[in-house]
1. Can you find, within the range 164-182, the residue that is modelled with the highest pLDDT among those that are surrounded by fewer than 16 Cβ atoms within 10 Å (Cβ to Cβ) and touching a Ser or Thr at 6+ places or on another chain (Cβ under 8 Å)?
2. Going through the range 38-69 one residue at a time, which ones are more than 21 Å from residue 175 (Cβ to Cβ), hydrophobic (A, V, I, L, M, F, W, C) and either open to solvent by less than 40 Å² (accessible area, probe 1.4 Å) or touching a residue at least 24 places away in the same chain (Cβ under 8 Å) (or both)?
3. Can you tell me which residue is modelled with the lowest pLDDT among those in the range 197-218 that are open to solvent by less than 60 Å² (accessible area, probe 1.4 Å) and hydrophobic (A, V, I, L, M, F, W, C)?
4. Any idea how many residues of the range 83-103 are among the β-branched types (Val, Ile, Thr) and without any contact (Cβ under 8 Å) to a residue 12 or more places away in the chain?
5. Under 6 Å by Cβ, and 6 or more places apart or on different chains, what pairs join a residue from the range 104-124 that is over 13 Å from residue 160 (Cα atoms) with one that is open to solvent by 60 Å² or more (accessible area, probe 1.4 Å) and aromatic (Phe, Trp, Tyr)?
6. Does the range 101-119 hold any residues that are β-branched (Val, Ile, Thr) and open to solvent by less than 40 Å² (accessible area, probe 1.4 Å), and which are they?
7. Is it the case, given these coordinates, that residue 14 is within 18 Å of residue 228 (Cα to Cα) and either out of contact with any strand residue (DSSP E or B) (no Cβ under 8 Å at 6 or more places or on another chain) or outside any loop (DSSP other than H, G, I, E, B) (or both)?
8. Exactly one condition in (1) closer than 30 Å to residue 235 by Cα; (2) over 14 Å from the mean Cα position of the chain (by Cα) is not met by residue 78; state its number.
Amino acid sequence: MLKELKNFAVYLSDYLLLLLFFVTTFFIMLFLIFDTTYLSQLGIFDNKLIHMLISFFASVEICGLFFSYYYFKLKKLMHFSRVDRKQINLNLIIRFIYLQLIVCFIRIVAFVVFFSPSALFLSALVYSVEKGVSERVFILLAVCSVFIFFISIFTFSVYSQKLCFLKFAFIRSPYLSFKSQFSFASEIADGNMLSLLVLRLSNIPKKILSLLVLPAIYFLPDCLYDVYDFIKAKENPYPHKVNTEKTVVFYFEPIKGK
């Protein structure tokens, strides 16, 4: 039970830090910028030095929570991927933040690419309604739009699994160049993205049950372990070609003279 509680605490750590970051940022922005009535009554804005110190410490607190969130997120990924890397320095956190920005950019570009056909069919449907078309043409366009929309969801969901492989590649070798990490992620993701999506979909019933507190302690960490155990199992220990040529030695039995 103690192990399950520890896993659950690690699972929630980054979410709690993110919540604390947003709540703290909201109240700092509220009291220092939008509604300064309460702080004005305390006389804080009358003294420039105190005002500057409070603004400075508020900024430091926001930055500290921001980096703490990514620290715990990185720690969480290492924990559930079973990668033992005890030392996490500021350089590693900054590289991880940069990777997250890249992942976000890739996700946005992929969303635009995969949902463009659906958007085009929807535009054609709206245009046809405005110009007036027969009922059969309208039904055909509507069915095609719905079909392509679901195809877009499916293909985008499959492709998005590649980002999990990219995070795993970063955790395994965080100081490699991002180009090498992309190559490694692409190699282990090849042919396995659909299987990973199926695995994550099969965990949906567990996540639904996790709306209750007690099942969540067991199921939520277990679902994350399943994802990274799957990726780790697909990792090729020899991702590049290995020279397997061996020297062949022939032994000849000496010919004895008569």
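The values are calculated or read from the model by the stated rules, or taken from the named source; none is laboratory data. Predicted model only: the values in this text are computed from it and were never measured. Here the Cβ is made from the backbone with ideal geometry for all residues, glycine too, and neighbour counts use every protein chain on show. Protein only, heavy atoms only, side chains kept; ligands, DNA and RNA dropped before computing areas. Shrake-Rupley method; radii C 1.70, N 1.55, O 1.52, S 1.80 Å.
1. The qualifying residue modelled with the highest pLDDT is 180.
2. Scanning the range 38-69 gives 39, 44, 58, 62, 65, 66.
3. It comes out as 216.
4. 1
5. Sorted first by the residue in the range 104-124, then by its partner, the pairs are 118/149.
6. Answer for the range 101-119, where residues must be β-branched (Val, Ile, Thr) and open to solvent by less than 40 Å² (accessible area, probe 1.4 Å): 102, 103, 106.
7. Yes.
8. Unmet condition: (2).
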